[in-house]
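Below: the structure, in structure tokens.
The values are calculated or read from the model by the stated rules, or taken from the named source; none is laboratory data. Bear in mind that the values here come from a model prediction, so they are computed numbers and not experimental data. Don't worry about glycine lacking a Cβ; one is built from the backbone with ideal geometry, like all the others, and counts go over all protein chains shown. For accessibility, only protein heavy atoms count, side chains too; no ligands or nucleic acids. Shrake-Rupley method; radii C 1.70, N 1.55, O 1.52, S 1.80 Å.
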Amino acid sequence: MTYKAITYAISFIAIMIILTVAKASAQTNNQNDVNTDSLMVRKIYDEGLVHGESYKNLQYVATKIGARLSGSEQELQAIQWATKMLKEIGLDSVYLQKVVVPHWVRGAAEEARIHSSNSIIKLDVLALGGSIGTNGTLKAKVVEVRSWKELAQLKDSDIKGKIVFFNVALDPREIEVFKAYLAVIEYRASGAKEAARWGGAGALIRSLTLSQDDYPHTGTMSYDEKIPKVPAAALSTNSADKLSDLLKKDPELMVELKMNCETLPERVSYNVIGELHGGKYPDEIITVGGHLDSWDIGQGASDNASGMVQSIEAIRLVKTVLVRPERTVRVILYCNEEHGSRGGAMYAAQSKLAGEKNIAAIESDGGGFMPNGFRIDATQPAKNNIWKWSGIFKPYRVSEFVEGQWGVDISHMKHQTQALITLNCDDQRFFDIHHTAADTFEKMSPREIALGSAALASMLALISQHGL
Ligand SMILES: [Zn+2]
């Protein structure tokens, strides 16, 4: 070996040693990161499961405030209560963001009856949110359809002056009930305008649930200013079946409908916002939130007192464990999600106007049952980072990360942030009580609520420490 060759060999060995040491050191750093992150998540869960406050708060919102439709006094109570809770946590700032919201009221309870030959049969019915009333009593013949296609195939004379009965069931073969619900939500949202387009006098919708019972499920609907407005209501699944069976025997039967709902002038409401400033990158913002309004029946315990209290708890857990996160974490309790989504829209508009640097927006509005992971809509680099953390979530059974998110409030942030993330929960029981009088506190589990809060807090903490 020449002197030159020996020098080359020594240099080569030296470089290899340096590279090996560097690689080992990078691995150690990654390992340290994982250890630190795992430890942080463990601490969040320990605090949440031992000293958690979300279930107690859920009880207060559901049973002391109760149903809190946007524009109502109860919604204002929820706003005041949330402000007080966030101040008690000791966040750096807590403030209200003004939002003008629709104010629809149900009035006296609805009534519906079938008049068939010699019998009168009562139906379980609830006006849809935003519907006009019947201005006395609407009594008309009924035409039943099971799809838009069936509606399109009818002659104008089949529809004119009649109540169009959209008897469209959720597909029981769909494992994710949320997905089955989204597949038919258009019938509730647009049934009234499609019925009126062809001269229909009203719309009755089969409740959007797989559950077979007497609870009608309300929900929002809208009109088209170019088409006359007609009343729209939901029938319980039992009532829908009863009406369908009787129509087969007596197509000439009539339904009598009495609805006293009306839309009053808009009102001022508020989003409630609290934040903990980042210690290192205060301009980078990660939000967690849920809507504070609900429908006007039941207690809105699952939808969405659960998401509201979980969001409050998530920021409390982050503060308790991290004291000062690296990036700013912000909790937003949105008003008016159910009937207009103006809270979410206002937050996104104001954030854009302020030129804020948003890293991620997290939401809890999936029912508050057993959490199993997250639904994520993110840029590719953000996705890569989030998916790397799934192992950390595995011991807590929330490691199922699915592409595509369904949160209404955060959807307004779609083009202003790197990631939209919703807590994914077991939805098998959610749509049994969704938007009904049966959505009450005792349906919820303290354990599931606490696990959801800790999952949200962990995602919030990981993003606040690492960015995306
Ligand atoms: Zn909701």
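Results, tabulated for the structure shown:
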{"item": "Loop trypsin sites (Lys or Arg not before Pro), the stretch 94-155 (other Cβ atoms within 10 Å of the site Cβ: 14 or fewer; DSSP)", "result": "K155"}
{"item": "Helix-derived mean residue ellipticity, 222 nm - over the chain, DSSP H n ≥ 4, -39500 (n - 2.57), to 500", "result": "-12500 deg cm²/dmol"}
{"item": "Rounded to 5, percent antiparallel among DSSP beta bridges of the chain", "result": "55"}
{"item": "Cα convex hull volume per residue for the stretch 399-449 (Å³)", "result": "118"}
{"item": "Cα centre as origin, Lys/Arg/Asp/Glu Cβ charges: the stretch 358-468 dipole, Debye", "result": "440"}
{"item": "Charge-dipole axis of the chain as Lys and Arg at +1 and Asp and Glu at -1 on Cβ define it, positive-most pick from H115, G48, I359", "result": "I359"}
{"item": "Distance in nm between pseudo-label sites at V402 and A183 (7 Å out along the Cβ direction from Cα)", "result": "1.3"}
{"item": "Accessible area of the chain divided out per residue, in Å², using a probe of 1.4 angstrom", "result": "43"}
{"item": "Computed over the stretch 56-121: relative contact order in percent, which uses C-alpha pairs under 8 Å that are six or more apart", "result": "23"}
{"item": "Stokes-Einstein D (µm²/s) once Rh is taken as the Kirkwood radius of the stretch 192-273 over alpha-carbon pairs, at 37 °C in 0.692 mPa s", "result": "217"}
{"item": "Rg(Cα) / (2.2 N^0.38 Å) computed for the stretch 356-428, rounded to two decimals", "result": "1.06"}
{"item": "Rg/Rg_ref, the chain, where Rg_ref = 2.2 N^0.38 Å and atoms are Cα", "result": "1.16"}
